[in-house]
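Worksheet: the structure to be examined is printed underneath.
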Amino acid sequence: MTAHPLSTLQATLPAGHLITNRVQLRTYAADAGLDRGVPDGVAFPQTTDEVAQIVRWALANNVPLIARGAGTGLSGGAVAERGGLVVQFSRMNAVLEFDAEGRRLHVQPGAVNQTIDALVKQQGLYYPPDPSSGRVATIGGNIAENSGGPHCFKYGVTTNYVTGLTAVLADGQVARFGGAALDYPEYDFVGLLNGSEGTLAVITEACLRLVGNPPAVKTLMAAFDSIERAGQAVSAIIASGLVPTTLEMMDQRIMRIIEDYTHGGLPVHAAAALIVEADGYPESVATQIDEMAVVLRQHGAVELRIAQSDAERDLIWYGRKSAVGAMSRLAPAYYLVDVTVPRSQLAATLAQVNQICEAHDLRVGYVFHAGDGNLHPLILIERPSDHELLARVHAAGKAIVELCVAVDGSITGEHGVGIEKRAYMPLMYTPAELQAMQAIKHLFDPHELLNPGKIFPEKTPQLQLAVPRVPAPTVGETVQPASPTEAAAILQAALAEGYTIRLRGGGTKSAHLPPADVTISTAGMTGISAYAREDLYVTVNAGTTLAALQAGLAADGWWVPLASPWPEATIGGIVASNLNAPLRSRYGAIRDLVLATTVALANGEVIRAGRPVVKNVAGYDMPKLFVGSHGTLGLLCDVTLKLAPLPRVQKTLVVPIATLAAGLQVGRKLAAQRIVASAVLLCDGHVVGEAAPYTLLYTAEGLDEDVTAELNLVAALLQRHRLMARHVDTPGTVVWAGWLQAQVASRGEVLRIGVPPAQCAALVEALATQAQCMIDLCNSLVYTAGDVRAVMESIAAVGGYAVPLLAGRTRPVDTHPTPTAELTTRLAQRWGTNKQLNPASLPVAIA
């Protein structure tokens, strides 16, 4: 090969780590989709250092790099469309560390999804993302596409389980984002890299968060006489407040193919079927299924069947996950359209998709994730060489995408944009939104060598700035814009004058920051702007207090699983500061609950990041970048959040503990066995009326049967340790909030310390002589008002951090720079106009 000096690379890599044979290269010319592109070479690194070496070589020789896992993607994301070097991760498949008690797993990107899940289940744990290709798909590929699967309705997608990444940047520098601890004081680059399709960095290691494996599962199959009625039943279950593990739909055509192959007893006489699953403790799953069965019957189910054994359940799921491959029995090829709509639009969208395919004289089958609105119409291609047929197929695909975007859905829910859907990105995003994403691409990959040509259309629509002209605020003035457009115009005008700007919500944190020239308050943007129980989301203006939001939702039996120590805290402030309560171990962190946000940028533009759907992998996950950004990237004007049904039961046990060592030993064991716990806290000092030196609190919430079963296990463990417990009405999160309020009132500041779970106990023991502490054992977060400088070296050595809760209080400057410092500075400068926007608000780790 003369175009690329691969011989120089081959000379530096171990033997067998690079192939250039044209016949062998054809193996890597495609993924599981329709796009093709033969690479110039394929490298097989085994270490992060080898990957960095390859990236530096590619930069020096201007060679595109395409990271590849198992090649199971369906959008052309791993296809070398422009030639270049494929970096194949099949030899980087090791488990680097497994902390079962702390529920963390550190792996290389070539580790196979299903193999990982089988490994952790041996320890009673569960890795929920389970794409249909999980038998061969790799963790690196899952991260690149932010994969989901059938169980993401309850458990979420890949990004919800990745806490840290090691990646090689486009210049060959090795960067570590996040880690085994939680809530690092940095922009959420981990969330940004999830779903970025290998266009921002080359991932070489991942730290994963695990959950407890539910001890019981029940699976129900419901048959319907039409696809539309099945779709209506899905919306009804969700609106009722029930939380199934999964809601999957198949149509008659697909069921007949599967049944011929698996003989699983599918209702092939019906027009459609739903697979409905519930998990939890054995005491609860039957009750859950019975309640769901009532709703299904009320909404048209003509037949219900419950799997009577694990073997029967496994057969149903084997058939479901084999459905796409079985399409070859109907046609030699197919086009799988991956789109998402709000769940309430499911039935109507299915009917219109049928009309689209009929209008184009195409046959279509359905097998998809109904619970999260992720449609997968399978359009059959009987004659793959028939260009006229292929033109009709692509025309139908575009019409389906347009249909979904029109109802506020996404052009792709889990397969990614890749090559296949890059031309559709302007259908979903404005020029300002596309340019915001492209600015991130340029920040990470200025030479556009990392998976070039993916995600973005060949031509981006021109941005036409039409910002209303408003007079700049005067120095010392506080302004209250009433809309995102007005807020953006004020931002632009003030920054043009060179003013520094302080963003203010409820003042719980901004009041402690240094003064700025101008203050912009969100007090003029309050109230709920969209409330969709059937779609499990609420859109709330940023100046609304959390207390007001919760009060409005509670009347209908819903809530947003967030908490704050301060009643005046606003939704915008909570999201911007990323202050997570202990209940995140039960419901997910703020980053997991935010679906979308409207942001006023410093250049006067308004962008909408995300969409009100659970699964959306169209472009970069911009909402996560704003969570924890402390207002340095833009002003949050509204936020769309996931809803959850209020727990039917909430119970708390309080355990007096004589010594710190005993509290840590028992508390860690309790946290390790949790399924429905929303808090496991260890406090020194007097709380909830206890006079013992230490107090252990355990709150469980959810269904009555689950809570009772879990607290029985807690009681048994306490009995083995000869400890007594009593019930109280105050949940752990409320105790946490009260403790923080009291510490701030008396001491003026509280520090949050985050460390990997395996190091939490040792840190607490080292801190014991320094100050009073509260330990969130589920999340390995420690809160203290004392001086931690004596242990900072130990915290940093294990990959932890310590930051003031109220950023801006006077503290020593950090001596432990984060690996992301340069990117953080460059991004803040680009979007925050050289530290004019909310200066000094980002928390600084303590020296």
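Observations, loosely collected:
- Unmet requirement for E793, which otherwise passes all of (1) farther than 21 Å from G628 by Cα; (2) at pLDDT 85 or above; (3) open to solvent by 10 Å² or more (accessible area, probe 1.4 Å): (2)
- A692 closer than 30 Å to E705 by Cα and either surrounded by fewer than 23 Cβ atoms within 10 Å (Cβ to Cβ) or in the same structural domain as T708 (by TED's automatic domain parsing) (or both): no
- Complete set of residues in segment 107-122 that are in a loop (DSSP other than H, G, I, E, B) and surrounded by 17 or more Cβ atoms within 10 Å (Cβ to Cβ): Q108, P109, G110, A111
- In segment 673-695, the residues that are on the phi > 0 side of the Ramachandran plot reach residues that are open to solvent by 30 Å² or more (accessible area, probe 1.4 Å) and of a type outside the set (D, E) with C-beta atoms within less than 7 angstrom, at least six apart or across chains, in these pairs: G685/Q772; V688/T730.
- In segment 71-94, the residues that are closer than 18 Å to V51 by Cα reach residues that are surrounded by 24 or more Cβ atoms within 10 Å (Cβ to Cβ) and hydroxyl-bearing (S, T, Y) with C-beta atoms within less than 7 angstrom, at least six apart or across chains, in these pairs: F89/T138; M92/T204.
- Close contacts from segment 20-37, counting a first residue that is open to solvent by 40 Å² or more (accessible area, probe 1.4 Å) and a second that is at pLDDT below 95 and assigned to a helix (DSSP H, G or I), with Cβ to Cβ under 6 Å and a gap of 6+ residues or different chains, come to T20/L6.
- Candidates are the residues of segment 253-274 that are farther than 17 Å from Y334 by Cα and crowded, with 20+ Cβ neighbours inside 10 Å; the one that is nearest to the chain's Cα centre (by Cα) is L274.
- The residues on offer are L380, L350, and the sole one that is open to solvent by less than 10 Å² (accessible area, probe 1.4 Å), of a type in the set (A, V, I, L, M, F, W, C) and over 31 Å from the mean Cα position of the chain (by Cα) is L380.
- Any hit, segment 459-478, residues being outside the structural domain of G37 (by TED's automatic domain parsing), in a strand (DSSP E or B) and open to solvent by 20 Å² or more (accessible area, probe 1.4 Å): yes
- For segment 753-783, the set of residues classified as of a type in the set (S, T, N, Q) and either modelled with pLDDT of 90 or more or outside the structural domain of I657 (by TED's automatic domain parsing) (or both) consists of Q759, N779, S780, listed by residue number.
- Pairs, first open to solvent by 10 Å² or more (accessible area, probe 1.4 Å) in segment 394-417, second aromatic (F, W, Y), C-beta under 9 Å, six or more apart: H394/Y335; K398/Y424; E402/Y424; V405/Y424
For (1) modelled with pLDDT of 95 or more; (2) in a helix (DSSP H, G or I); (3) assigned by TED's automatic domain parsing to the domain that holds M255, each residue gets a yes or a no:
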| position | (1), (2), (3) |
| --- | --- |
| G371 | no, yes, yes |
| I379 | no, no, yes |
| S385 | no, no, yes |
| L390 | no, yes, yes |
| A395 | yes, yes, yes |
| A399 | yes, yes, yes |
| L403 | yes, yes, yes |
| E414 | no, no, yes |
| V417 | yes, no, yes |
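- Residues being of a type in the set (D, E), in contact with a helix residue (DSSP H, G or I) (Cβ under 7 Å, 6 or more places away or on another chain) and buried (at least 23 other Cβ atoms within 10 Å of the Cβ) - total across segment 169-204: 2
- Selection from segment 302-324 of residues that are open to solvent by less than 20 Å² (accessible area, probe 1.4 Å) and among the hydrophobic types (A, V, I, L, M, F, W, C): A307, I316, A323
- Restricted to segment 520-611, the set of helices (runs of 4 or more DSSP H) holding at least 2 residues that are touching a Lys or Arg at 6+ places or on another chain (Cβ under 8 Å) and not small (G, A, S) comprises 590-593.
- Hey, A482 farther than 30 Å from G83 by Cβ, at pLDDT 95 or above, out of contact with any Lys or Arg (no Cβ under 7 Å at 6 or more places or on another chain) and not basic (K, R) or not: yes
- Candidate set from segment 515-561 (those that are hydroxyl-bearing (S, T, Y) and in contact (Cβ under 8 Å) with a residue 60 or more places away in the chain); member that is surrounded by the most Cβ atoms within 10 Å (Cβ to Cβ): T522
- Looking across segment 411-468, the residues that are in contact with a His (Cβ under 9 Å, 6 or more places away or on another chain), among the charged types (D, E, K, R) and closer than 29 Å to G149 by Cβ come down to E414, K421.
- All positions within segment 208-241 that are assigned to a loop (DSSP other than H, G, I, E, B), open to solvent by 20 Å² or more (accessible area, probe 1.4 Å) and not small (G, A, S): N213, P215, D225
- For segment 40-78, taking the residues that are touching a Lys or Arg at 6+ places or on another chain (Cβ under 9 Å) and part of a loop (DSSP other than H, G, I, E, B), the one that is nearest to A94 (Cα to Cα) is identified as Q46.
- Lone qualifier among A745, A737 - being within 13 Å of P582 (Cα to Cα), open to solvent by 10 Å² or more (accessible area, probe 1.4 Å) and outside the structural domain of T163 (by TED's automatic domain parsing): A737
- Filter pass, L641 being touching a Phe, Trp or Tyr at 6+ places or on another chain (Cβ under 6 Å), modelled with pLDDT of 95 or more and either open to solvent by less than 40 Å² (accessible area, probe 1.4 Å) or of a type outside the set (S, T, Y) (or both): no
The values are calculated or read from the model by the stated rules, or taken from the named source; none is laboratory data. Note that the structure is predicted; figures quoted are calculated from it, not measured. As a convention, Cβ positions derive from the backbone with ideal geometry for all residues, glycine included, and neighbour counts pool all protein chains shown. Please note that ligands, DNA and RNA were not included when accessible areas were found on the heavy atoms of the full protein model with its side chains. Shrake-Rupley method; radii C 1.70, N 1.55, O 1.52, S 1.80 Å.
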